[in-house]
Amino acid sequence: MNLIRKAEERDIPRIHELLKQVCGVHHDGRPDIFRGGARKYTDEQLRLLFTDSSRPVFVSVNENNTVEGYCFCIITEYRDHNIIHNMKELYIDDLCVDETLRGTGVGHDLYEYVKAYARDEGCYHLTLNVWSCNPGAMAFYERQGLQVLKKEMEVIL
C-alpha cells in the first residue's frame, strides 16, 4: 500500500508529468475545448496551492517516494447562503493515477483517503465533475459509489 500525504514542493516535477497525462485525455476527448500540451499550473501556482488550507493537494507515493497519483481538492463552506443550507463540501478538482498504474488500487486508496479527510473536516458531501469524453474516469467513480448529482449540458454554437 502506498503512503498518502500532502503534496510538497519536491513533488512538483512528477505532478506536472501526471497533469500532462490528464491534459492529454481531455485534449483527445475534446480538442475543441482543451489545448494539446498545455500546462495547467506553473510551479509557483502549485507552490501556492500547497500552502492553501482550503485547497489541499494529496499525493500517493510508493516506497521510493515517487508520486504515483494525486488529488487536488477544494473545500467550500456555505454560511448564510440564500438557498443552500450551512455546510461544507469537498470538491475533487482533479484526481489522477499514472496511466501505467491504473487498475492497481492506487486511485481507490487515494479516493478513500480524501473521502475520510472530508469526513474529518466536517464536510457534508464530496463532489466532482467528470467529462463525458472520459468513460474510464466515469466508470472508476461509479465503482467508488458516486452517483449523479446534476448534469451540465451544452450546445455548440
>> What distance in nm separates the two pseudo spin-label positions at residue 3 and residue 149, each 7 Å out from Cα along the beta-carbon direction?
In response: 3.2
> Can you give the calculated 222 nm mean residue ellipticity of the chain, where each DSSP H run of n ≥ 4 adds -39,500 (n - 2.57) and the sum is split over every residue, rounded to the nearest 500 deg cm²/dmol?
Replying inline: -10000 deg cm²/dmol
> From the residues 82, 22, 57, which one has its Cα farthest along the dipole of the range 1-156 in the positive direction, the dipole being from +1 and -1 charges on Cβ of Lys/Arg and Asp/Glu about the Cα centre?
Replying inline: 82
>> How large a share of the accessible area of the chain, in percent, is made up of carbon and sulfur atoms when the probe is 1.4 Å and the other protein chains stay in place?
In response: 50
> For the chain, which DSSP H helices look membrane-span-like by this rule: Cα extent along the axis of 30 Å or more and mean Kyte-Doolittle of at least 0.0?
Replying inline: none
>> Give me the count of lysine pairs in the range 1-140 whose alpha carbons sit under 22 angstrom apart, restricted to pairs 8 or more positions apart or on different chains.
In response: 6
> For the range 80-136 and the range 1-48, what is the separation of their Cα centres, given in Å?
Replying inline: 16
> About its Cα centre, what dipole magnitude does the chain give when the only charges are +1 on Lys and Arg Cβ and -1 on Asp and Glu Cβ, stated in debye to the nearest 20?
Replying inline: 180
> Percent relative contact order of the chain, based on C-alpha pairs within less than 8 angstrom and at least six residues apart?
Replying inline: 21
>> So with the 1.4 Å probe, I'd like the accessible area per residue for the chain, rounded to whole Å².
In response: 64
>> Full-extension gain between residue 81 and residue 30, please, as 0.36 nm times their residue separation minus the C-alpha to C-alpha distance.
In response: 14.9 nm
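The values are calculated or read from the model by the stated rules, or taken from the named source; none is laboratory data. It should be emphasised that the depicted structure is a prediction, and the values quoted were computed from it without experimental measurement. Reconstructed Cβ throughout: ideal geometry from the backbone, glycine too, with neighbour counts over all protein chains shown. Areas reflect the complete protein model, heavy atoms only, side chains present, ligands, DNA and RNA absent. Shrake-Rupley method; radii C 1.70, N 1.55, O 1.52, S 1.80 Å.
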